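So the structure is just underneath, and the comments pick up after that.
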Amino acid sequence: MHKTPVIWRWRHNPLRRGTDLVEAWVGLIAVLLMLVAAPAAGWAVGSLAHGALRQTVREQQQHRHLVTATTVRLMPRPPMEPDPETASGHRPQHRRVLANWTAPGGSTHTGVVSARRVAAAGDRFPLWTDDRGRAAARPMDTTTAAAHAALAGLGTAGASAGLVEGVRRLIVRRLMRRRYARWDRAWARAGQTWGRAGAGS
């Protein structure tokens, strides 16, 4: 009856070497670590990341405000930037403009910001600001936070499994070198008596 290469290493037989048993144990431990420890590490990192990102979501939603800004003038495009109106015939989605806006506290601000679908001076557009009225990025939402946390968990699990597999291969490679060294010594001893009368009898 045919037996798999992993199973025969566990059975007592005269062909089994000590390194075979070590390799079998290393393989078993590696499988257990990849099935249990790697997912656990991914879950732990994902949970920590999710908690931190949810706190970030709460802080950003509390301290960022949506106001209406008014375009003062369009800023010139960089020399190397292609003109999307010429290339595609469509109005650009984003454009840097000089605009002014009023913060939630009543203060007035003017600055260069990125605006969407602005074509001329006087166009109005939504703008996110912080508590001090400075332009800020859109606050993160819970869906984005969950997605980032899931990616962090999956990445950690994959990296952990890859690390375990790398260590397993390194150990197996050293075991193979030890086997080859033993075979070389055995062949060297056999070569000393090779062809002698009564050798091996």
Counting Lys and Arg as +1 and Asp and Glu as -1, what is the net charge of the other residues whose Cβ lies under 11 Å from the Cβ of residue 115? +4
What FRET efficiency comes out for residue 63 versus residue 32 if R0 is 45 angstrom and r is the Cβ-Cβ distance? Round to the nearest 0.05. 0.45
Tell me, what does the Kirkwood hydrodynamic radius of the stretch 103-149 come to in angstroms if you use every pair of distinct C-alpha atoms? 12.9
Counting only residues 5 or more places away or on other chains, whose amide H sits under 5 Å from the amide H of residue 136 once H atoms are built in the peptide plane? 128, 129, 130
Expressed in nanometres to one decimal, the distance between label points 7 Å along Cα→Cβ at residue 181 and residue 77 is 6.7
Find which of 158, 136, 120 sits farthest along the positive direction of the dipole of the stretch 106-173, computed with +1 on the beta-carbon of Lys and Arg, -1 on that of Asp and Glu, about the Cα centre. 158
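We did not get these values from a lab; they are worked out from the coordinates using the rules stated. None of the values given here were measured: they were computed from a predicted structure. As a convention, Cβ positions derive from the backbone with ideal geometry for all residues, glycine included, and neighbour counts pool all protein chains shown.
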